[in-house]
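Structure, as structure tokens:
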Amino acid sequence: DALFQSSLASFIGFCVLLCCLAALDGFCIRENHYLSLVSILSFALQAMDMMSDCFFVAQVSIYQQNEAANVYSILFYASIFFIICPVFTTLYQLYRQIKAEWAKEQDVAAWLKQFATALYALSLFCGGSFSAVRLM
């Protein structure tokens, strides 16, 4: 419980710092018309959701090891399934979008060649490719 709270507070602090630095850079230092602080907020919320889901799985795992009830085993495997299934679905959607549409455009294909790994990593980290695409 304390680990989750400290991790969450650290991550929220990191996201607030990131928003402040992005706003300073995008509005004051280098003018950036594509800067969207909503994208950073959306990414932060989805990443915090993923973080809380992972901590939930860890907590259920502890209960599963300490209790003899089968309900914790069912809950443990179901919670893993409900994390992994949406993550792989959104990664597959991103892959299909890249192959079907974005790879055809030369500028986008060149950008993807350089940043595809980061895009997939952000999608995996936050559990959704939509906010990762908006952030990148």
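The calculated P(r) of the chain, using every Cα pair and 5 Å bins from 0, goes 2, 9, 14, 16, 17, 15, 11, 7, 5, 2, 1, 0 in percent. Surface exposure of the chain, expressed per residue as accessible area with a 1.4 Å probe, stands at 69 Å². Out of every Cα-Cα pair that the range 39-113 contains, those further apart than 16 angstrom amount to 65 percent.
Averaging the sequence gap over all C-alpha pairs within less than 8 Å and six or more residues apart, then dividing by the number of residues, gives the chain a relative contact order of 27 percent.
The values are calculated or read from the model by the stated rules, or taken from the named source; none is laboratory data. Predicted model only: the values in this text are computed from it and were never measured. Protein only, heavy atoms only, side chains kept; ligands, DNA and RNA dropped before computing areas. Shrake-Rupley method; radii C 1.70, N 1.55, O 1.52, S 1.80 Å.
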